[in-house]
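What follows is one structure encoded as structure tokens, with my remarks underneath.
The values are calculated or read from the model by the stated rules, or taken from the named source; none is laboratory data. Source: prediction; values computed, not measured. For neighbour counting, all protein chains shown are included, and Cβ atoms are generated from backbone atoms with ideal geometry for every residue, glycine included.
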Ligand code: AMP
């Protein structure tokens, strides 16, 4: 039996007009992050399952419910990466982080996988662009990555965005905060679902990830992270708040930002966008001072963020695609095809910025012109925005006289001239 094949639930295909927007975003990331000294790292798409259990955290939703985990043929448990920080840290530890000059500045872009209920802006395969700064303990590190993030967002035309920041206590202060949270929530937990009751006992900070309105209500009156900071942590947070305005980063504080990953310590931040729907979180990040040591490396502080690239592209309204002139080179019949291919090649060399397509099906001038018109009106077809279409018509008359006929499809103007004049006729007229 053969069924209709479909993309797996929660995945989507990117056709040229979409993939070009992703490529443009990634090119901007490369430029902006590169100018701050960050180099690109690419880590495997799957890793040992244990890596995520040890970093993201056993009791997080990501590890608990959302991983694509499978045994390989030798029975080893592997997982499609649900995020990229763990892989980057694993790679650094494996390479010998202790011997690398600090700080280490890296960025990445690539697909991540989470078994979530798909909806607008939430997919099972999605892309993240992220940054990791490894080896800077002070708030200047947090400020650098957040400042760079805003340079990047503004370069993409997202001017109206603001960061929300919080500071999560660490060490003994974190334990005290967890206890206070439990003491606050336990007497109010009668309306909690099973998941949140478990969170309350096993990892109370994770209650902040709950989407249950009852849990959210109970948390409204909960103790605030900022009240539990020790002196050093408070100083770190105050320093960051002093630095962000200097870097032109608009922000506000919120005790409710705790983020659904266990490895964060001290600074956490998010950026949301009003241009997105219910899933309005554009990105999240924070400091993870214990993760490197937890994964077997030398104790090394670090800070980073991950942007949801799919949501970022969705939030961008401008068409980043460059306008190009399309030359549709149309042979009248099959006997004109070789001549047409030569002319097409010549135009490509004369105008490297143009898009030149030869009609390989050679179904005649009429059909070729019809198709050229269709191409220009289908915006998803090209990675470029079509600025204008010129049909280059080549029949036996042109072939025998070594000439070309060029028709501008927007004005209908048409002229025939010797092929050797292509350069001067086209020069300066097209991109
Ligand atoms: P996280 O790794 O959970 O901190 O997420 C960072 C960012 O990745 C979020 O702010 C979203 O923009 C994006 N993201 C997370 N999960 C998904 C998903 N399932 N589909 C699309 N984007 C996602």
Residue in region 165-173 that is within 16 Å of the ligand (Cβ to nearest atom), at pLDDT below 95 and out of contact with any strand residue (DSSP E or B) (no Cβ under 9 Å at 6 or more places or on another chain) present: no
Positions within region 194-238 being within 33 Å of the chain's Cα centre (by Cα), surrounded by fewer than 21 Cβ atoms within 10 Å (Cβ to Cβ) and not in a helix (DSSP H, G or I), in sequence order: 203, 210, 211, 212, 224
Candidates 185, 176, 189, filtered to the one that is over 34 Å from the mean Cα position of the chain (by Cα) and crowded, with 20+ Cβ neighbours inside 10 Å: 185
When you scan region 85-95, do you find a residue that is within 15 Å of the ligand (Cβ to nearest atom), touching a helix residue (DSSP H, G or I) at 6+ places or on another chain (Cβ under 6 Å) and more than 18 Å from residue 306 (Cα to Cα), even just one? no
Selection status of residue 69, modelled with pLDDT of 95 or more and closer than 25 Å to residue 313 by Cβ: no
Where in region 63-166 are the strands (runs of 3 or more DSSP E), entirely inside, with at least 2 residues that are within 25 Å of residue 39 (Cβ to Cβ) and either under 16 Å from the mean Cα position of the chain (by Cα) or touching a residue at least 24 places away in the same chain (Cβ under 8 Å) (or both)? 104-113, 125-134
Would you point out the residue of region 1-44, among those that are surrounded by 15 or more Cβ atoms within 10 Å (Cβ to Cβ) and within 25 Å of residue 117 (Cα to Cα), that is farthest from the chain's Cα centre (by Cα)? 10
